[in-house]
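Colleague: Take this structure first; my questions come after.
No value in this document is a laboratory result; all are computed from the given coordinates. Keep in mind it's a predicted model, so treat the numbers as computed, not measured. Note: ideal-geometry Cβ built from the backbone for every residue, glycine included; neighbour counts use all protein chains shown.
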Amino acid sequence: MTDDDNPLRVDRRTTIKWLAATMAAAYTGCNSDDKYLGDEIPARNGTSLLGIAAKHDGIGYGGDPDRINPLVPWARTMTEGQLRTTAALCDVILPEDERSPAASAVGVPDFIDEWVSAPYPQQQDDRAFILRGLESLEQQSQERFGSSFASATEEQKTELVSAIAGAGATGDQSEFFQRFRYLSVGAFYTTEAGMADVGYIGNVPSSGEYPGPSEEAMAHLAGVLKQLGLPLPTPPNA
């Protein structure tokens with residue numbers, strides 16, 4: 001295995017900030033009542049192709065976490081094989097382009113690892129779903145192409161992902177991909193690279209007097225207020 005096969009590792013303080021931001025977003029996807037990828041996708045020869053993730057230790061922050069200097073009390077649990085497959089799938093969803101780096105280049109696989117390792121019910125609901133989905137993707141790649149998903153060509157990766165992500169895709173693998181994509185995109189767009197990609201310039205100091213909202217922002221506000229049947233407020237100095 002070369003260095004290029006290993007996804008970038010990100011410090012845990014950073015991934016915890018991403019985790020908190022993603023948890024604060026609207027939650028969509030599976031819950032404890034959803035059907036997981038399970039016995040219908042058995043491990044090949046009784047063994048896991050990606051290895052068995054460590055058991056989570058069940059230790060959370062408690063009732064009064066130090067959010068300024070967070071110390072993460074739980075261990076990351078994904079195997080290197082699972083992380084490589086995660087990185088490859090992240091990069092199919094969010095590849096490098098002229099505006100931003102690929103998801104793996106900013107550490108999104110570490111966020112996924114942090115998410116499925118956290119001991120909270122929401123994350124544990126996702127854990128079996130995500131890990132089984134990765135194992136199934138790896139199994140399909142090896143059976144169809146004779147190579148791991150991470151080592152497959154871009155065309156082969158696209159073929160496999162299209163089968164579970166296309167408009168007509170249904171079932172457990174489709175649900176796995178939707179959930180995985182939600183987490184990957186949520187993590188990516190809380191990074192500096194992701195925020196720059198959508199043109200977010202918040203938390204950037206400006207010199208001189210505040211110039212006020214842009215014409216585009218005011219036009220958007222006016223449209224929203226019109227839909228609500230409300231007038232556009234008059235500036236105090238107008």
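Colleague: Sort 77-87, 182-192 by the packing proxy (mean of other Cβ within 10 Å over each peptide's residues), most packed first.
Modeller: Ranking the peptides 77-87, 182-192 by packing returns 77-87, 182-192.
Colleague: In what sequence do ILE93, ILE68 fall when counting other Cβ within 10 Å, fewest first?
Modeller: Lowest count first: ILE68, ILE93.
Colleague: For each of PHE177, PHE111, PHE145, count neighbouring Cβ atoms within 10 Å of the residue's Cβ, then give the residues from fewest to most.
Modeller: Ascending number of Cβ neighbours within 10 Å: PHE145, PHE177, PHE111.
Colleague: Further, regarding this structure: At 7 Å along the Cα-to-beta-carbon direction for both ASP57 and GLN122, put a label point, then send me their distance in nm to one decimal.
Modeller: 2.3 nm
Colleague: Based only on other Cβ atoms within 10 Å, what is the fewest-to-most ordering of TRP74, TRP115?
Modeller: TRP74, TRP115
Colleague: Stokes-Einstein diffusion coefficient for the range 105-238 at 4 °C in a medium of 1.567 mPa s, Rh from the Kirkwood formula over Cα pairs: what value in µm²/s?
Modeller: 68 µm²/s
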